[in-house]
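The values are calculated or read from the model by the stated rules, or taken from the named source; none is laboratory data. Keep in mind that what you see is a predicted model, and the values were worked out from it rather than measured. Cβ: placed from backbone, ideal geometry, glycine included. Neighbour counts: every protein chain shown.
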Amino acid sequence: MLLKYFYDNMLAQASYLVGCRKTGEALIIDPARDITPYLQAAREQNLQIRHVAETHIHADFVSGSRELLAATGAKLYLSAMGGEDWQYEFADSSSVLLHDGDSWMVGNIRVEAIHTPGHTPEHLMYQITDTKQADKPMGLFTGDCLFVGNVGRPDLLEEIAGAANTKEKDAAAQFRNVQRLKTLPDYLQIWPGHGAGSACGKGLGEVPTSTLGYEKLFNPAFQFTDEDAFVKWLLTDQPEAPRYFAHMKILNKKGAPLVAEIPEPVHIHNRAALDKIVQMFLVFDTGTMEQFAARHIPGTVNVPSTSIRFNTHVGLYVDYDLPTYLICDANELPEIIKWLWAIGVDDVPGYFTPEVVADYDGIIRTTNPAQAATLIHTGKAHLFDVRSPEEYNQSHIPNARLLPMGSIFKQLDQLPRDKQIIVHCAVGLRGQVVASMLQRVGFTNVRNLSGGIEGWQKAGLATETGN
């Protein structure tokens, strides 16, 4: 048996290749839309991709299952659990619909589906047994049920899919999953679907794999014996659900278009066209923080291409019903487009190169910690913390109001226009993204706290904990 691990740092998303050396066939679990790494790995290992399995209908990235089907003719293994609202609409004769306990062989490797609703109703884990070497399983592909250091969040359906009054019920289902996992052998390896930074759970570990025995000892989810206490704990301090998650659920349920069918953006040279486009559509400037702060086109939104969460930050604000435009270096365009395709931002008709910015004078003003402290103390400015609730509760600036960066549209009518607004994050990047978006929607007196809360602390200024 061969096991290969693939990881998308931007989306904190893991996928896997399981290969049988004897028969030369391979299984891909939870593939991303860019299937090049899987095809390359299979070629290098003299394997043919014959099987593709999904743990659930993903909310945070576009699945590559249909891409692999088109490229290899592989059979798709999809969940038949969760009820009719959670079935894959693109499933056809090439698909195998799985129920709890169903199994199949990838050469000499036995794969068994285990229904683990909670994160989503249809969610499956996959138990792997290398039958040539052992008569007991080796490990579990746990998807978004069990992570290193935590379990998958149960509130996404209510937060993004409009399924009212489901999060407590789904949190209770996660409790039952944990009780079931407690009965399985400690030696089982755990191969999760996400790592640290994913919005599919809170407090995820940065170690890519674990063992079930280790998680039983140190994962907080395994320390509860009372269901009500578990539910309360699990629903507390979950990260904000990015707006694009709702679109991903729909797209992955229906089946995303193949990337070969997506038109590539054209280079637009007309500056007058840009002035009109920025009035009607979102234009993301992918230049550095420093470049954008010093000079940009008013109304554009800064998401630097160097950001490790580039597509997540775009996904917080993108409107899937309208075209999206870019300002970026031509040599960076192919990679940026790939990042956008990963979250289903397919309608990108055109892009502009950075020289179009040269004659514009939009700026993002910054405020150093000492200046900000004075403005806040004298009542001349309001301070907003755009980090996650978990980060805010760990440490925040006194009198800072929590405004997670993906929630600004929900709170626009509550933001003051009579005084200066200062936004901050950890070091400054997310603050600038938010500041540029606030400028786009009409807030003229917005500043970004230089250095974020880290700069505040380095200046010797006080912070506090809790909410």
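Any chance region 147-168 includes a residue that's in contact with a Leu (Cβ under 9 Å, 6 or more places away or on another chain), surrounded by 23 or more Cβ atoms within 10 Å (Cβ to Cβ), of a type in the set (Asp, Glu) and part of a helix (DSSP H, G or I)?
The answer is no, given that none of the residues of region 147-168 is in contact with a Leu (Cβ under 9 Å, 6 or more places away or on another chain), surrounded by 23 or more Cβ atoms within 10 Å (Cβ to Cβ), of a type in the set (Asp, Glu) and part of a helix (DSSP H, G or I).
In region 207-231, which residue that is among the hydrophobic types (A, V, I, L, M, F, W, C) and touching a Phe, Trp or Tyr at 6+ places or on another chain (Cβ under 9 Å) is farthest from Gln13 (Cα to Cα)?
Keep residues of region 207-231 that are among the hydrophobic types (A, V, I, L, M, F, W, C), which gives 207, 212, 217-218, 221-222, 224, 229-231.
From what's left, touching a Phe, Trp or Tyr at 6+ places or on another chain (Cβ under 9 Å): 212, 221, 224, 230-231.
Working: Leu212: 20, Ala221: 21, Phe224: 27, Phe230: 25, Val231: 25 Å.
Top of the filtered list is Phe224.
Out of the residues in region 41-61 that are of a type outside the set (Gly, Ala, Ser), touching a residue at least 24 places away in the same chain (Cβ under 8 Å) and outside any loop (DSSP other than H, G, I, E, B), which is farthest from His247 (Cα to Cα)? Steps first, answer last, please.
Here is the first cut: in region 41-61, the residues of a type outside the set (Gly, Ala, Ser) are 43-52, 54-58, 60-61.
From what's left, touching a residue at least 24 places away in the same chain (Cβ under 8 Å): 45, 47-52, 54-58, 60-61.
Applying the additional criterion that residues be outside any loop (DSSP other than H, G, I, E, B) yields 48-52.
Details: Gln48: 32, Ile49: 28, Arg50: 29, His51: 26, Val52: 23 Å.
Per the criteria, the residue is Gln48.
Could you look through region 60-118, keep only residues that are closer than 28 Å to Pro257 by Cβ and among the charged types (D, E, K, R), and pick out the one that is surrounded by the most Cβ atoms within 10 Å (Cβ to Cβ)?
Asp60
Val259 - would you say it is of a type outside the set (Asp, Glu), modelled with pLDDT of 95 or more and exposed (fewer than 15 other Cβ atoms within 10 Å of the Cβ)?
On the way: of a type outside the set (Asp, Glu): yes; modelled with pLDDT of 95 or more: yes; exposed (fewer than 15 other Cβ atoms within 10 Å of the Cβ): no.
When the stated conditions are applied, Val259 does not pass them.
Please verify whether region 361-381 includes one or more residues that are closer than 29 Å to Ser198 by Cα and of a type in the set (Lys, Arg).
No, every residue in region 361-381 fails to be closer than 29 Å to Ser198 by Cα and of a type in the set (Lys, Arg).
Which of the residues belonging to region 403-423 are within 24 Å of Ala199 (Cα to Cα) and either part of a helix (DSSP H, G or I) or at pLDDT 95 or above (or both)?
At the first step, the residues of region 403-423 found to be within 24 Å of Ala199 (Cα to Cα) are 403-412, 423.
Met405, Gly406, Ser407, Ile408, Phe409, Lys410, Gln411, Leu412, Val423 - these are the residues of region 403-423 that are within 24 Å of Ala199 (Cα to Cα) and either part of a helix (DSSP H, G or I) or at pLDDT 95 or above (or both).
Would you mind listing the helices (runs of 4 or more DSSP H) fully within region 189-259 where at least 3 residues are of a type in the set (S, T, N, Q)? Don't jump to the end; show me each part of the working.
Numbers: elements: 212-218, 227-235, 244-254.
It comes to none.
Which ones in region 85-124 are small (Gly, Ala, Ser), in contact (Cβ under 8 Å) with a residue 24 or more places away in the chain and farther than 16 Å from Trp191 by Cβ?
Passing the criteria: Ser94, Gly107, Gly118.
Residues of region 316-343 being in a helix (DSSP H, G or I) and either in the same structural domain as Leu429 (by TED's automatic domain parsing) or more than 21 Å from His296 (Cβ to Cβ) (or both), which ones? Walk me through it before giving the result.
Kept after step one, since they are in a helix (DSSP H, G or I), are these residues of region 316-343: 330-342.
Pro334, Glu335, Ile337, Lys338, Trp341, Ala342, listed by residue number.
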